[in-house]
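A short write-up of the structure that comes next.
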Amino acid sequence: MTTRIALIPGDGVGPEVMAEAEPLIDWARSRGHRLETVRLSYGADHYLSTGETLPEEAYADLRDGFDAVIFGAVGDPRIPDGRHAEEILLRLRRGLELTVNFRPCQPLPGLSRQGLHLEVFRENTEGAYCLQGSTEPGRAVDLAVHTEVAVLRLLEVAFARAQARGCALTLAHKANVLKHGHGLWVRVFQSLQAAHPDVPARGMHADALLCALVQDPAPFGVIAADNYLGDLISDLTAAFAGGMGTAPSLSWAPHRPFRCAVLAEPVHGSAPDIAGKGLANPVGMILSTALLFRHLGWESEAETVERAVAAAMRDGARTRDLGGSLSTAGMGAAIRDRLSG
Ligand code: ATP
């Protein structure tokens, strides 16, 4: 069976980092994987010239005709309300029910905090990012909707991962004030705790957790959180491992409601401040592609790409965000030069 992968480079640095991930897909094909890629041009330019964000037929084709999406980034200063970004990326996350957003943090060679191995599991489809609310004179409302089914789906994956790694699991919440939504998170967490007595699991107020993380992240293994807190916590953990340019992520639907059940994207956004200058670090995008390879069962390719990134870093290859002088393309080439096996 052929694996069909949609490539959506998007805006800003998205196309620049995607250009460094694409050769890895060709390389995986050269190693015997039957796969087909289709490039889709949805993003700010397409929206500004056609008025289309992600047309319904294109979304349905992605959902039913592809196995995976590799996504660059969306966001453009010409569209300050971010409408196209919402209707493309949030639509994919929510429509495809990609509940689990996995954001690992393992510092690469040469970066500080060697040996740290933190993983954030962020609920990806609801919470405060459900886009429900209103602005009235003198008053603004944002709703946060949490459903038991999505919370359970996310936490089951987090518990299974902590069990497999033999590490601690921490739930970040603010149930002391967000009594309804985060109260639900705590109840579901406690029910799973009972079913996993071997996992050292505890809930922590998110503010105390952030303080503890900054003081010493080493005791933390897996952290689970809702959409909003998970977004914040995973940007902090990205800072432990070189910053936004190196952080990968993978989103998936554990219950596989549709053929397309996984999306790889770097943690960073479209970074308009550095777009078009060859300054973006492609490592986050490349490591996200490796996570996708692993998810597809291509473990050897995933490991080979991760080893190549580590080898390039060990040999001193760096983009400017890490204090080096390589361009986006130069960093991508340094990594590809070290693919072997
Ligand atoms: P979003 O809301 O989509 O997460 P954002 O606007 O908050 O996006 P980013 O676009 O991720 O944030 O950019 C945050 C900072 O990180 C910017 O200063 C940007 O230049 C930097 N940055 C982002 N991506 C990269 C990258 N690939 N390489 C180097 N620096 C990056």
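The values are calculated or read from the model by the stated rules, or taken from the named source; none is laboratory data. All values reported here derive from a predicted model rather than from experimental measurement. Cβ: placed from backbone, ideal geometry, glycine included. Neighbour counts: every protein chain shown. These area figures cover heavy atoms from the full protein model, side chains too; ligands, DNA and RNA do not enter into them. Shrake-Rupley method; radii C 1.70, N 1.55, O 1.52, S 1.80 Å.
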Checklist entry - Can you give the net charge of the other residues whose Cβ lies under 13 Å from the Cβ of I223, counting K and R as +1 and D and E as -1? => result 0
Item to check | Probe 1.4 Å, all protein chains present, accessible-area order of I233, I274, largest first | outcome: I274, I233
Item to check | Mean shadow area of the stretch 27-182 over all directions, Cα convex hull, nm² | outcome: 14.7 nm²
Checklist outcome for this item: For the stretch 165-224, the Cα gyration tensor yields equivalent-ellipsoid semi-axes (√(5λ), largest first, whole Å) of 19, 18, 6
Checklist outcome for this item: Computed about the Cα centre, the charge dipole of the stretch 142-256 from +1 Lys/Arg and -1 Asp/Glu charges at the Cβ has a magnitude in debye, to the nearest 20, of 280 debye
Checklist outcome for this item: Those trypsin sites (Lys or Arg not before Pro) from the stretch 244-309 that are DSSP loop and have at most 14 other Cβ neighbours within 10 Å turn out to be R259, K277
Next on the checklist: Restricting to DSSP loop positions (anything but H, G, I, E, B) with no more than 12 other Cβ atoms inside 10 Å of their own Cβ, which trypsin sites (Lys or Arg not before Pro) remain in the stretch 148-253?
Outcome noted: K179
Checklist outcome for this item: Computed over the stretch 204-341, the distribution of all Cα-Cα distances in 10 Å bins, rounded to whole %, is 11, 35, 35, 18, 1
Item to check | Local electrostatic count at P77 - Lys and Arg +1, Asp and Glu -1, tallied over other residues with Cβ under 11 Å | outcome: -2
Checklist entry - Given 0.36 nm per residue, what is the gain on full extension from T147 to Q114 after removing their alpha carbon distance, in nm? => result 8.2 nm
Item to check | Linear extension gain, A194 paired with L210, 0.36 nm per residue minus alpha-carbon span | outcome: 3.2 nm
Checklist entry - Per residue of the chain, what 222 nm ellipticity follows from adding -39500 (n - 2.57) for every DSSP H run with n ≥ 4, rounded to the nearest 500? => result -12000 deg cm²/dmol
Checklist outcome for this item: With the charge dipole of the chain built from beta-carbon charges (+1 for Lys and Arg, -1 for Asp and Glu) about the Cα centre, the Cα from G51, S134, T147 projecting farthest to the positive end belongs to T147
Checklist entry - Using r as the Cβ-Cβ distance of F258 and T50, and R0 as 25 Å, what FRET efficiency do you calculate, to the nearest 0.05? => result 0.45
Checklist outcome for this item: the stretch 1-102, Kirkwood Rh and Cα Rg, ratio Rg/Rh at 0.98
Item to check | Net charge dipole size for the chain [Lys, Arg +1 and Asp, Glu -1 on Cβ; Debye, nearest 20] | outcome: 780 debye
Checklist entry - Heavy-atom accessible area of D67 with all protein chains present, probe 1.4 Å, nearest 10 Å²? => result 30 Å²
Next on the checklist: If you scale each eigenvalue of the Cα gyration tensor by 5 and take the root, what three semi-axes come out for the stretch 237-308, rounded to whole angstrom and sorted largest first?
Outcome noted: 24, 15, 11
Checklist entry - Where does each of 88-94, 126-132 land if you order them by average Cβ count within 10 Å, highest first? => result 88-94, 126-132
Item to check | Relative contact order (%) - criterion: Cα under 8 Å, at least six apart; region: the stretch 263-341 | outcome: 33 percent
Item to check | the chain - percent relative contact order, Cα under 8 Å, separation 6 or more | outcome: 22 percent
Next on the checklist: Need one number: convex hull volume per residue for the chain, Cα atoms only, in Å³.
Outcome noted: 145 Å³
Next on the checklist: Over the Cα atoms of the stretch 130-216, what radius of gyration and what Dmax do you get, in Å?
Outcome noted: 15.5, 52
